[in-house]
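Novice: Supplied in structure tokens, the structure appears directly below.
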Amino acid sequence: MATNAVLDVPSKPILLDKNQRANLRKGFYPALVLLKCLNEVCPQKYSQKSSDSPPGPNQSPEEMFHTLVNKLAQVCDTHPKGDTVTALAVIEHNGRICYIMASNHRGTASMNKARAGLAAVLNILKCNLEGETPVSDKVAGERLMRTILELHTVRVRAYLTSFSKQLQECIKRCDDNKPEGKAAKEALEGLVSTIPDTNKDGQKSDGYISATIRCIKTIQQTRNSSLQRYIEARSVEDNRMAKGGSWSILQHVSGRLLSYQYAVQTLVHAHHIWADTSLFRDFDIASVRSSGPYPAEALKLNPEPAEAIINRAPGYNQTQLEPYRQHASDLERYGINAKLEDMYSQQLDPVVHAEMLLHDWLSRTEHGIQSHRFFLNLQYIGSSKPPCRLCQEYFTTISTPVRFRSGHPNTYLNWRLPDMYVNNLKDEAAIRGEKSRWGQTLGQMRSRVYAAVLRVLEEKVSEKKALDSNTYSERITGIKDADRLANWLEKVEIRGGRS
């Protein structure tokens, strides 16, 4: 098994020219900045993210495979805040099964650790299939859980810290004058006692990991209990607010901790389904290098008011844009232009999101994204987090047959298109063609972002429409810090990552 392969596109990259940098600086990113400002002054009601779930007995083999790939990608996503968000595909490469991954923003050392971590997990399944005396699913699951939690010490610590904080807040908010409130308070206090103590044991010690496993198991035991129903009811009340409250955050973070148990269940189940294939027996692990930075010139945005950005909306004349300019003017009492000016002073650092990075590498290498290149002809790229709104729009724009995890409507400012490549930097016709394709794609993405801006203005600002969160199912709105909160229905975030 090889785990040291770092893969690059076998072509020559083309640098952005002056016109392309100007299109980014004047057209694409200002629209995203405006969208973020609009969402800050027109907040969306909090929406609870659907929780993770274990592999279902009624899943088809294809659905089970999708779940497996997503969970293996989760294994590689070791840190919060988005840099290690990972996409993963299982392909035939050099005549062998190859797990190939890409991450949002990982350096060589971090990617080496990710490949080694994935290898450690897969080798547990490999040894169980090839050993003379296979261990029970329970023992295999315990080994997997310990290995994954050790890989995820930073992320798990963040979850446990948030879990502890929100438990304390929710305990204070229990109405112990009522029987159900008193019972919930006692149950929450019981959960507090299961949280491992970092001062007592090191985070990678057997004691700490064992305590974390007990905490996760206790959370699992509450899922169908009266406590869970109480938490869900309080979360509904939180969701009526403009911000997520402690109950919603508690529900989210407990779900993230429980996702480790579901990942283990998926892996154990899958290694029985595909025991007779090479999936867990004879494989390689490779990674695609993360994208580099854009030229600084492309990201030097000129501060300008909302009206100036709106005036550049493609496909509209100035008469058609007048109502939207008025909506933006109405928002000046909330300081929208001051927010814009402040945001322009912040440094952008856009990256090619993991799913797009991996898809682009596959597309540009031998056999491309043809079905026969994928394991069992399943054209699928999994991911540790759902694809963001812009990634979904991008894949729709390029009409790919590859399938992805169901996405979410979150949109991140630190997003960019894949790089341009040609086989020969002296082939001017090829360069023109590649630049033309890049420009067309950027233009379509810009149009989609502007459409979202105008929807927000029309639906959230206009006095003629109620602020109904169900008016349009694809709007883009949001808040900050998605890692600690169950996601807003829609958000825009300066840091380019789903954490």
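The values are calculated or read from the model by the stated rules, or taken from the named source; none is laboratory data. Worth saying up front: this structure is predicted, and the values here are computed from it rather than measured. Positions of Cβ are generated from backbone atoms using ideal geometry, with glycine treated the same way; all protein chains shown enter the neighbour counts.
Novice: Within region 368-387, track down each residue that is more than 23 Å from the chain's Cα centre (by Cα) and assigned to a loop (DSSP other than H, G, I, E, B).
Specialist: Within region 368-387, 368, 370 qualify.
Novice: Residues in region 401-415: is at least one free of Cβ contacts under 8 Å to residues at least 24 places away in the same chain and either of a type in the set (A, V, I, L, M, F, W, C) or more than 30 Å from residue 73 (Cα to Cα) (or both)? Outline the logic, then answer.
Specialist: Residues of region 401-415 that are free of Cβ contacts under 8 Å to residues at least 24 places away in the same chain, as a first pass: 406-407.
Those left that are additionally either of a type in the set (A, V, I, L, M, F, W, C) or more than 30 Å from residue 73 (Cα to Cα) (or both): none.
Looking through region 401-415, none of the residues is free of Cβ contacts under 8 Å to residues at least 24 places away in the same chain and either of a type in the set (A, V, I, L, M, F, W, C) or more than 30 Å from residue 73 (Cα to Cα) (or both).
Novice: While we're here: Which members of region 110-150 meet the condition of being crowded, with 18+ Cβ neighbours inside 10 Å, of a type in the set (A, V, I, L, M, F, W, C) and without any contact (Cβ under 8 Å) to a residue 60 or more places away in the chain?
Specialist: Result: 124, single match.
Novice: Quick check on my filter: what residues within region 267-310 are aliphatic (A, V, I, L, M), within 26 Å of the chain's Cα centre (by Cα) and surrounded by fewer than 17 Cβ atoms within 10 Å (Cβ to Cβ)?
Specialist: Selection gives 296 alone.
Novice: Still on this model: Give the residues of region 340-367 that are surrounded by fewer than 20 Cβ atoms within 10 Å (Cβ to Cβ) and either in contact with a strand residue (DSSP E or B) (Cβ under 7 Å, 6 or more places away or on another chain) or outside any helix (DSSP H, G or I) (or both), sorted by residue number.
Specialist: 345, 346, 347, 349, 364, 365, 366, 367
Novice: Here is a list: 238, 206. Which entry is within 27 Å of the chain's Cα centre (by Cα) and farther than 17 Å from residue 189 by Cα?
Specialist: Details: 206 fails: within 27 Å of the chain's Cα centre (by Cα).
Going through 238, 206 in turn, just one is within 27 Å of the chain's Cα centre (by Cα) and farther than 17 Å from residue 189 by Cα: 238.
Novice: If you go through region 321-343 one residue at a time, how many are in contact (Cβ under 8 Å) with a residue 40 or more places away in the chain and over 30 Å from the mean Cα position of the chain (by Cα)?
Specialist: Qualifying residue count for the region: 8.
Novice: Also, quick follow-up: Can you confirm whether residue 104 is of a type outside the set (A, V, I, L, M, F, W, C) and buried (at least 21 other Cβ atoms within 10 Å of the Cβ)? Quick ask: steps written out before the conclusion?
Specialist: Details: of a type outside the set (A, V, I, L, M, F, W, C): yes; buried (at least 21 other Cβ atoms within 10 Å of the Cβ): yes.
In short, yes.
Novice: With part of a helix (DSSP H, G or I) and at pLDDT 90 or above as the only criterion, which of 312, 325 stands out? Full working, then the answer.
Specialist: On the way: 312 fails: part of a helix (DSSP H, G or I).
Only one candidate qualifies: 325.
Novice: Looking only at region 44-58, decide whether some residue is modelled with pLDDT of 95 or more, assigned to a loop (DSSP other than H, G, I, E, B) and out of contact with any Cys (no Cβ under 7 Å at 6 or more places or on another chain).
Specialist: We begin by selecting, within region 44-58, every residue modelled with pLDDT of 95 or more; these are none.
No - not one qualifying residue is present in region 44-58.
Novice: Modelled with pLDDT of 75 or more and farther than 24 Å from residue 449 by Cα: is that true of residue 30 in this structure?
Specialist: no
Novice: Condition first: surrounded by 14 or more Cβ atoms within 10 Å (Cβ to Cβ), among the β-branched types (Val, Ile, Thr) and more than 25 Å from residue 368 (Cβ to Cβ). Can you find one or more residues in region 60-76 that meet it?
Specialist: yes
Novice: How many residues are under 13 Å from residue 260 (Cβ atoms) and either in contact with a strand residue (DSSP E or B) (Cβ under 9 Å, 6 or more places away or on another chain) or of a type in the set (Val, Ile, Thr) (or both) when one looks only at region 137-168?
Specialist: Adding up the residues that qualify gives 4.
Novice: Go through region 359-410 and report how many residues are aromatic (Phe, Trp, Tyr) and within 19 Å of residue 283 (Cα to Cα).
Specialist: So the count comes out to 3.
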